[in-house]
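The values are calculated or read from the model by the stated rules, or taken from the named source; none is laboratory data. Just so it is clear, the structure is predicted and the values come from calculations on it, not from any experiment. So basically every Cβ, Gly included, is an ideal-geometry build from the backbone, and we count neighbours across all protein chains shown. For the accessible areas, the whole protein counts, side chains as well, though only heavy atoms, and no ligand, DNA or RNA atoms are used. Shrake-Rupley method; radii C 1.70, N 1.55, O 1.52, S 1.80 Å.
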Amino acid sequence: MIGSLLLGVAFQLATGAPTTSLVMRDATHSVRVPLVASADGPMLRPESLAPMLQISVRHDSASSYTLEVLGVRIQVDVGAAVARIGADVRQLASAPTLVAGHLMVPLQLVSDVFPGVVPNARWDADAKQLVVFNAAATRSTGLQAGEPAKVPARGASSRVANLPPVQAKHNRRTVIVDAGHGGVDNGMIGPLGGGPRIYEKNVTLAIAMKLGEQLKARGVDVVYTRTTDTLIALDDRGRIANRNSGDLFISIHVNAANPNWKDPGGSRGFETYFLSEAKTEDARRVEHMENESAQYEDGSKTGNDDPLSFIFNDMAQNQHLRESSDLAEIIQKQLRVVHPGPSRGVKQAGFRVLVTAYMPAVLVEVGFGTNPREAAYLTDSEKQDALAGAIANAAMEYLQGYERRVAGIGTGASAP
């Protein structure tokens, strides 16, 4: 599965004690990498990362070395506290040195430099953890290291046609379907101006269940984060996805208009989000609205101290963000075929529900429950079938593009 190749590199930094090793972990085993204490901080041999990270070290001259990490070349010199990546120069905490003829680099090269330049690397400052893909992950996408994923060109569709099942090379694909809100968390309540009352938690569950059934009919395994009216913590939804080896994470939600808008009851349309820092005031509004669900969780809180900012910074180069953006574009294209409202486009925001899902992940706002006509549309069973079908088609289209990329690996190479 796409997300199963994530590695946790957990640094054991005991307070006040010398750092002796770091631990590289994947889902099944761990490797302990020795660190050497120095006056300027812990050092390590770059080759020691090789058991779980594709890395090589080349001795270029008397003092110059080149580290190649997942296709990225990092040049260092013994005695110089800098690292060069092309024309980019990064300051190091201490200079690389030689110990018994072996190159030693500061641990800070891994914690600070790698996340900014190595594909699919993310440093979690709170947990002191580097999350990266291993070499197999890069090969499995059919991409050169560092190359953005590209979904093959897709022609516009005039109707919703059921796409054929994905034929995975080694195993069936798994899509995680998340129904937003639930239990004591009703989510959006509408519509404005009267009419039959609707609750977001009920609409999202109905569409999510229909989406799951349509995906199963297309040959995909489905895992629901909830199948009843119950509250699931935002952070736990992504963990459910990871635990079940999800390939995609799709969270279904219903939008609500800002009551301060000129005509809030008239707002309508659909939009799809992926995880990144919100760029517009409206995206920040939706982000705040959806993240408010955390108030119903024991010991949870939201606000300015919510630790999302470091995630955005560290995940800026993460391949999942590019893939999530591509998936969001396909969902918008497919929904445009069936939805009576306007497409409000692909947007980005800091949704907590997406943070812990280490796979392409999107949040779909299927319409405005505050609009009386759109509320009626969203609660119509046949319309829910159409919405679920469009999102299922988008997921299949994305997965088929992924399979084509795997099949297109260069001559002589094979998918892992």
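Residue by residue, here is whether (1) open to solvent by 40 Å² or more (accessible area, probe 1.4 Å); (2) at pLDDT below 90 holds:
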{"site": "GLY187", "(1), (2)": "no, no"}
{"site": "GLY238", "(1), (2)": "no, yes"}
{"site": "ASN242", "(1), (2)": "yes, yes"}
{"site": "ILE252", "(1), (2)": "no, no"}
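In region 183-201, the residues that are touching a residue at least 40 places away in the same chain (Cβ under 8 Å) form Cβ pairs under 8 Å with partners that are open to solvent by 40 Å² or more (accessible area, probe 1.4 Å) and of a type in the set (A, V, I, L, M, F, W, C), at six or more places apart or across chains, as follows: GLY183/LEU231; VAL184/LEU231; ASP185/LEU231; MET188/MET289; GLY195/ALA376; PRO196/ALA376; ILE198/ILE189; GLU200/ILE189. Hey, does region 81-89 have a residue that's modelled with pLDDT under 85, within 30 Å of ARG243 (Cα to Cα), open to solvent by 20 Å² or more (accessible area, probe 1.4 Å) and hydrophobic (A, V, I, L, M, F, W, C)? Checked against the condition, which is being modelled with pLDDT under 85, within 30 Å of ARG243 (Cα to Cα), open to solvent by 20 Å² or more (accessible area, probe 1.4 Å) and hydrophobic (A, V, I, L, M, F, W, C), region 81-89 yields no hits at all. In the set (1) over 15 Å from GLN108 (Cα atoms); (2) modelled with pLDDT under 85; (3) part of a loop (DSSP other than H, G, I, E, B), the condition left unmet by MET24 is number (3). Residues in region 290-332 that are open to solvent by 40 Å² or more (accessible area, probe 1.4 Å), farther than 23 Å from GLU200 by Cα and at pLDDT 50 or above: GLY299, ARG322, GLU329. Can you pull out the residues in region 43-80 that are open to solvent by 40 Å² or more (accessible area, probe 1.4 Å) and in contact with a Ser or Thr (Cβ under 6 Å, 6 or more places away or on another chain)? Selection gives ARG58, ASP60, GLU68, ARG73, GLN75, VAL78.
Please verify whether LEU53 is in a strand (DSSP E or B) and of a type in the set (A, V, I, L, M), treating the condition exactly as stated. So LEU53 does not fit the description; no. For region 90-108, residues that are without any contact (Cβ under 8 Å) to a residue 60 or more places away in the chain and hydrophobic (A, V, I, L, M, F, W, C) total 6. The sole residue among HIS59, HIS102 that is in contact with a Phe, Trp or Tyr (Cβ under 8 Å, 6 or more places away or on another chain) and modelled with pLDDT of 70 or more is HIS59. When the residues of region 194-236 are filtered to those that are among the basic types (Lys, Arg) and either in contact with a helix residue (DSSP H, G or I) (Cβ under 6 Å, 6 or more places away or on another chain) or surrounded by 19 or more Cβ atoms within 10 Å (Cβ to Cβ) (or both), the one that is nearest to GLY183 (Cα to Cα) is LYS201. From the list ARG226, ARG237, the lone residue that is in contact with a Lys or Arg (Cβ under 9 Å, 6 or more places away or on another chain), outside any strand (DSSP E or B) and within 25 Å of GLU374 (Cα to Cα) is ARG226.
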